[in-house]
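Peer 1: Below you will find the structure I want to go over with you.
The values are calculated or read from the model by the stated rules, or taken from the named source; none is laboratory data. Model, not experiment: these values are computed from the prediction. Cβ atoms come from the backbone with ideal geometry, glycine included; neighbour counts cover every protein chain shown.
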Amino acid sequence: MPKPSRSTISRCLFVAQTLAATAAVVFALPAGGRAGAADEAIDVGSRRELFVGGFLVDRLGGGAKLQLHHPVPREIVLVHDAPWEGSGSGYHSVFQDGNLYRMYYKAWHLDVSKGKVNTGSHPLFCCYAESDDGIRWRKPELGLHEFNGSTANNITIASGTMGAITVDAGHPAVFKDENPDAPADARYKAIVRSPKPHGLHALKSPDGLHWSPMADAPVITSGAFDSQNLAFWDPVRKEYRAYWRIFTAGVTDVKNWKPGGVRAIRTATSPDFLHWSEPVDVAYVDSPSEHLYTNQIKHYYRAPHIFIGFPTRYIERGWSPSMRALPEPEHRQWRAEASLRYGTALTEGLLMASRDGVLFHRWNDAFLRPGIEREGTWHYGHQYIGWHVVETKSDVQGAPNELSLYASENYWTGNSSELRRYTLRLDGFVSASAAMSGGELVTKPLVFQGKQLQLNFSTSAAGTVRVELQDAGGQPIPGFAEADCDEVFGDAIQRTVTWKGAPDVSSLAGKPLRLRFVLNDADVYAFQFCP
């Protein structure tokens with residue numbers, strides 16, 4: 001029998017991992033929910049549930065659909081124009097830390113001239129910015145690392161020797177550790193690349209500014225790592241989880257890449273941030289194989305049993321009349337003369353979600369398109385979404401808070417890249433949606449705990465939402481039928497549903513039931529059974 005090729009083995013492994021990931025969702029007990037036989041109910045407890053995938057959906061009827069929503073562009077919040085930054089800056093990590101918002105990012109510069117791209121104007125750094133509101137950001141002078149004879153800069157990690165290891169500070173992922181058992185000197189953690197030996201280093205810090213290695217060798221070594229590789233504490237499953245860049249078809253790094261290899265995502269878990277499980281490749285429910293640069297996966301803070309990711313889609317489109325019509329054509333030609341993909345590859349942000357961290361529903365439509373054509377857009381490096389979302393105040397007086405996320409633009413050109421803020425309603429990634437002509441969504445059998453059902457929803461002035469509670473077999477429960485439900489209309493993050501004026505559903509707690517959402521010119525983003 002002939003020996004199977006390396007690519008054949010890789011494909012077989014991928015199929016096996018995909019089947020294993022699917023089995024984990026179908027037969028296991030992910031995050032307190034079950035998806036087993038048809039007569040078993042998913043236990044949603046009193047958690048907030050989002051429609052970011054089809055996990056809870058049994059049937060969509062009429063004109064109802066799961067509708068992907070798109071962030072709204074806001075202001076430029078940070079310009080990477082310091083001498084130690086530049087036009088190649090990116091890979092932002094963003095999180096809220098008490099009353100302070102923290103941001104960490106790669107500081108790098110790309111000098112582009114006709115047919116040449118120079119990346120050696122200064123070493124790679126990890127820099128720090130902070131904000132009191134997530135909107136107005138500042139770069140504090142940290143005084144930690146010298147650049148051109150001065151420590152008056154915001155560099156928090158410099159490439160080079162750190163204790164017994166050598167770090168590449170240009171691919172940082174920084175987070176505040178939510179593990180209640182994390183020691184004080186490791187309250188903040190980071191994953192950075194190791195140039196030699198190949199892999200990812202684990203760093204710790206007591207204050208998010210002063211860093212030291214957690215081990216004398218890389219803690220993860222199987223991967224390509226030429227992207228933002230990240231790790232975080234999962235508060236639901238009580239473990240650390242990491243995600244990083246790989247190449248499929250046996251490719252281990254970009255220099256060895258060849259046609260057929262795809263930039264993909266790998267994951268593993270750890271009890272202590274140092275010892276990691278055997279890695280598996282992230283799989284998808286129904287998405288094609290395509291190049292994904294970053295992954296930006298983390299548990300969603302308002303529903304931490306759900307992983308939300310914002311991977312970057314990378315596509316090489318080559319020269320065409322439309323490519324030549326895109327912004328900055330001369331500069332694009334210069335980059336293409338150095339490497340065709342530098343000038344003709346495009347990037348944009350996607351959305352994906354998972355209940356087990358391995359099998360994801362990835363929306364094939366773009367979540368964050370390149371947008372209206374203007375200088376600094378529609379190029380390789382555009383719309384890399386930062387890791388992760390934060391909650392900020394709305395600029396509309398009296399409106400509820402919203403989600404802010406941040407994405408890069410003006411990569412390659414000029415002396416600085418820039419970071420633009422985008423906003424989305426809380427939980428507003430995907431909705432169960434229908435036009436005025438109507439539609440309905442029926443869930444799989446659920447079991448809940450609580451006394452009231454609350455919705456995050458939006459309707460037109462003439463639109464409505466009604467919720468019918470059915471038994472597991474799909475029959476209306478007396479007193480909770482569609483005809484009993486009071487019309488719900490408006491636009492609110494939290495509204496209690498009532499049936500003939502009464503909100504109490506506690507008599508149904510612990511019993512398998514289905515939710516039937518009847519929609520007319522309406523969107524439902526999330527629901528929750530509350531005490």
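Peer 1: Given (1) more than 30 Å from ALA407 (Cβ to Cβ); (2) surrounded by fewer than 20 Cβ atoms within 10 Å (Cβ to Cβ), identify the lone condition not met by LEU424.
Peer 2: Among (1) more than 30 Å from ALA407 (Cβ to Cβ); (2) surrounded by fewer than 20 Cβ atoms within 10 Å (Cβ to Cβ), LEU424 violates only (1).
Peer 1: Working carefully through the options THR413, THR392, find the one that is over 16 Å from the mean Cα position of the chain (by Cα), of a type in the set (Val, Ile, Thr) and at pLDDT below 95.
Peer 2: Working: THR392 fails: at pLDDT below 95.
That would be THR413, the only listed residue that is over 16 Å from the mean Cα position of the chain (by Cα), of a type in the set (Val, Ile, Thr) and at pLDDT below 95.
Peer 1: A follow-up question, please. For the list (1) closer than 29 Å to PHE429 by Cα; (2) out of contact with any helix residue (DSSP H, G or I) (no Cβ under 9 Å at 6 or more places or on another chain); (3) loosely packed, with under 15 Cβ neighbours inside 10 Å, I need the number of the one condition that LEU340 fails.
Peer 2: (1)
Peer 1: Could you tell me which of the residues TRP334, TRP378 is assigned to a loop (DSSP other than H, G, I, E, B), outside the structural domain of GLY53 (by TED's automatic domain parsing) and either surrounded by 16 or more Cβ atoms within 10 Å (Cβ to Cβ) or touching an Asp or Glu at 6+ places or on another chain (Cβ under 7 Å) (or both)?
Peer 2: On the way: TRP334 fails: assigned to a loop (DSSP other than H, G, I, E, B).
When all the criteria are applied, what remains is TRP378.
Peer 1: When you go through (1) within 18 Å of TRP108 (Cβ to Cβ); (2) in contact with a Gly (Cβ under 7 Å, 6 or more places away or on another chain) one by one for TYR342, which number turns out not to apply?
Peer 2: (2)
Peer 1: Show the residue pairs meeting these rules: Cβ distance below 6 Å; 6+ apart or different chains; first residue within the stretch 193-207 and in a strand (DSSP E or B); second residue surrounded by fewer than 22 Cβ atoms within 10 Å (Cβ to Cβ) and basic (Lys, Arg).
Peer 2: Taking only residues 6 or more apart or on different chains, not a single pair turns up.
Peer 1: Now a separate question. Taking the stretch 471-484, which residues are buried (at least 17 other Cβ atoms within 10 Å of the Cβ) and within 36 Å of the chain's Cα centre (by Cα)? Even if it seems obvious, please write down each step before you answer.
Peer 2: Residues of the stretch 471-484 buried (at least 17 other Cβ atoms within 10 Å of the Cβ): 472, 477, 480, 484.
Correct list: ALA472 only.
Peer 1: Checking GLY510 against (1) farther than 27 Å from PHE429 by Cβ; (2) more than 34 Å from the chain's Cα centre (by Cα); (3) surrounded by fewer than 19 Cβ atoms within 10 Å (Cβ to Cβ), only one condition comes out false. Which one?
Peer 2: Checking GLY510 against (1) farther than 27 Å from PHE429 by Cβ; (2) more than 34 Å from the chain's Cα centre (by Cα); (3) surrounded by fewer than 19 Cβ atoms within 10 Å (Cβ to Cβ), the one that fails is (2).
Peer 1: Assuming THR161 fulfils every condition listed in (1) part of a loop (DSSP other than H, G, I, E, B); (2) surrounded by fewer than 14 Cβ atoms within 10 Å (Cβ to Cβ) apart from one, which condition is it?
Peer 2: The number of the failed condition is (1).
Peer 1: Then there is this: On the given criteria, is LEU515 closer than 18 Å to ARG47 by Cβ, at pLDDT 95 or above, assigned to a strand (DSSP E or B) and within 34 Å of the chain's Cα centre (by Cα)?
Peer 2: Here the answer is yes, as LEU515 does meet what is asked.
Peer 1: Quick one: would you say GLN383 is touching a residue at least 12 places away in the same chain (Cβ under 8 Å) and assigned to a loop (DSSP other than H, G, I, E, B)? Step through it out loud before you land on a result.
Peer 2: Values: touching a residue at least 12 places away in the same chain (Cβ under 8 Å): yes; assigned to a loop (DSSP other than H, G, I, E, B): yes.
Judged against the criteria, GLN383 is a match.
Peer 1: While we're on this one: With the structure loaded, tell me whether GLU49 is assigned to a loop (DSSP other than H, G, I, E, B), buried (at least 21 other Cβ atoms within 10 Å of the Cβ) and not basic (Lys, Arg) or whether it fails that test. Before you say what the answer is, go through the steps one by one.
Peer 2: Values: assigned to a loop (DSSP other than H, G, I, E, B): no; buried (at least 21 other Cβ atoms within 10 Å of the Cβ): yes; not basic (Lys, Arg): yes.
Taking the combined requirement at face value, the residue does not satisfy it.
Peer 1: Could you please find all residues in the stretch 113-125 being closer than 18 Å to VAL79 by Cβ and not in a loop (DSSP other than H, G, I, E, B)?
Peer 2: Kept after step one, since they are closer than 18 Å to VAL79 by Cβ, are these residues of the stretch 113-125: 121-122, 125.
The one that is closer than 18 Å to VAL79 by Cβ and not in a loop (DSSP other than H, G, I, E, B): PHE125.
Peer 1: Next question, about the same structure. Test THR413 against the stated conditions and say whether it is farther than 12 Å from ILE135 by Cα, touching a residue at least 24 places away in the same chain (Cβ under 8 Å) and of a type in the set (Ser, Thr, Tyr).
Peer 2: It is true that THR413 is farther than 12 Å from ILE135 by Cα, touching a residue at least 24 places away in the same chain (Cβ under 8 Å) and of a type in the set (Ser, Thr, Tyr).
Peer 1: Run down VAL518, VAL524, VAL505 and say which single residue is closer than 12 Å to PHE457 by Cα and among the β-branched types (Val, Ile, Thr).
Peer 2: On the way: VAL518 fails: closer than 12 Å to PHE457 by Cα; VAL505 fails: closer than 12 Å to PHE457 by Cα.
Checking each option against the conditions leaves just VAL524.
Peer 1: Which members of the stretch 483-498 meet the condition of being charged (D, E, K, R) and within 21 Å of ALA509 (Cβ to Cβ)?
Peer 2: Of the residues in the stretch 483-498, the ones charged (D, E, K, R) are 484, 486-487, 491, 495.
Across the stretch 483-498, the qualifying residues are ASP484, ASP486, ARG495.
Peer 1: Ok, one more. Within the stretch 114-124, does at least one residue satisfy the condition of being closer than 20 Å to TRP211 by Cα and in the same structural domain as GLY414 (by TED's automatic domain parsing)?
Peer 2: Going residue by residue through the stretch 114-124, those that are closer than 20 Å to TRP211 by Cα are 123-124.
From what's left, in the same structural domain as GLY414 (by TED's automatic domain parsing): 123-124.
Yes; the residues of the stretch 114-124 include at least one that is closer than 20 Å to TRP211 by Cα and in the same structural domain as GLY414 (by TED's automatic domain parsing).
Peer 1: In addition: Picking from ARG516, ARG495, ARG466, which residue would you name as being within 23 Å of ALA303 (Cα to Cα), charged (D, E, K, R), surrounded by 21 or more Cβ atoms within 10 Å (Cβ to Cβ) and in the same structural domain as ILE42 (by TED's automatic domain parsing)? If you could, list the steps in order and put the result at the bottom.
Peer 2: Details: ARG495 fails: surrounded by 21 or more Cβ atoms within 10 Å (Cβ to Cβ); ARG466 fails: within 23 Å of ALA303 (Cα to Cα).
Selected residue: ARG516, the only one of ARG516, ARG495, ARG466 that is within 23 Å of ALA303 (Cα to Cα), charged (D, E, K, R), surrounded by 21 or more Cβ atoms within 10 Å (Cβ to Cβ) and in the same structural domain as ILE42 (by TED's automatic domain parsing).
Peer 1: Among (1) modelled with pLDDT under 95; (2) buried (at least 16 other Cβ atoms within 10 Å of the Cβ), where does ALA190 come up short?
Peer 2: Against the list (1) modelled with pLDDT under 95; (2) buried (at least 16 other Cβ atoms within 10 Å of the Cβ), ALA190 comes up short only on (1).
Peer 1: Do you know which of the residues in the stretch 58-84 that are aliphatic (A, V, I, L, M) and under 22 Å from the mean Cα position of the chain (by Cα) is surrounded by the most Cβ atoms within 10 Å (Cβ to Cβ)? Steps first, answer last, please.
Peer 2: Here is the first cut: in the stretch 58-84, the residues aliphatic (A, V, I, L, M) are 60, 64, 66, 68, 72, 76-79, 82.
Now narrow it down to the ones that are under 22 Å from the mean Cα position of the chain (by Cα): 66, 68, 72, 76-78.
Numbers: LEU66: 17, LEU68: 17, VAL72: 11, ILE76: 13, VAL77: 18, LEU78: 25.
Taking the candidates together, the pick is LEU78.
Peer 1: In the stretch 425-440, is there at least one residue being at pLDDT 95 or above, over 30 Å from ARG74 (Cα atoms) and basic (Lys, Arg)?
Peer 2: No: zero hits.
Peer 1: Would you mind telling me which numbered condition in (1) touching a Leu at 6+ places or on another chain (Cβ under 6 Å); (2) of a type outside the set (A, V, I, L, M); (3) at pLDDT below 95 ASP111 fails?
Peer 2: (1)
Peer 1: Being within 19 Å of LYS65 (Cα to Cα) and in contact with a Pro (Cβ under 9 Å, 6 or more places away or on another chain) is the filter here; which residues of the stretch 446-472 pass it?
Peer 2: Here is the first cut: in the stretch 446-472, the residues within 19 Å of LYS65 (Cα to Cα) are 455-460, 463-468.
Within the stretch 446-472, just GLU468 meets the criteria.
Peer 1: Output the number of residues of the stretch 193-211 satisfying the condition of being surrounded by fewer than 18 Cβ atoms within 10 Å (Cβ to Cβ) and either under 20 Å from LYS106 (Cβ atoms) or basic (Lys, Arg) (or both).
Peer 2: So the answer is 5.
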